[in-house]
Amino acid sequence: MDRGNTLSLVTVSSLLLCIDGNRFCPVPIPKMEQNLITGLLLSVISGASNLLTLEQPKLKNRILETWPRM
């Protein structure tokens, strides 16, 4: 499914957390989305799978705490 037209309409500052070990949504997909959404900050996180909040809670929280100021 091509979401390019829809994603290019997003105009708000956004954060996308991407996990490099995620088999369901590999890194190239969020990178494509980053190119389509103006103001999107992509953060690729290593060492986690689909349970980022459980596997890397401190890192996730640090990113969320600093994101609005980036």
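The values are calculated or read from the model by the stated rules, or taken from the named source; none is laboratory data. In this text, all values refer to a predicted model and were calculated from it rather than measured experimentally. Note: ideal-geometry Cβ built from the backbone for every residue, glycine included; neighbour counts use all protein chains shown. Remember, those area values only see protein heavy atoms, side chains included, never the ligands or the DNA or RNA. Shrake-Rupley method; radii C 1.70, N 1.55, O 1.52, S 1.80 Å.
Figures for the structure shown
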item	result
Neighbour-limited loop hits for GluC sites (Glu not before Pro), the chain (at most 11 other Cβ within 10 Å; DSSP other than H, G, I, E, B)	none
Charge dipole (the chain, unit charges on Cβ, about Cα centre) - positive-most of T11, T66, I37	T66
Accessible carbon and sulfur surface of the chain relative to its total accessible area, %, 1.4 Å	58 percent
Kirkwood hydrodynamic radius of the chain, from inverse mean 1/r over distinct Cα pairs, in Å	12.9 Å
The chain: most fluctuating residue of L42, L59, L17 per GNM, C-alpha cutoff 10 Å	L59
Spacing of the two label points (7 Å from each Cα toward its C-beta) at V44 and T6, in nm	2.5 nm
With at most 12 other Cβ atoms within 10 Å, longest stretch of the chain clear of loop trypsin sites (Lys or Arg not before Pro) (DSSP)	24-70
Extension gain from K58 to L16, taking 0.36 nm per residue of separation minus the Cα-Cα distance	13.5 nm
About the Cα centre, charge dipole magnitude for the chain (Lys/Arg +1, Asp/Glu -1 at Cβ), debye	140 debye
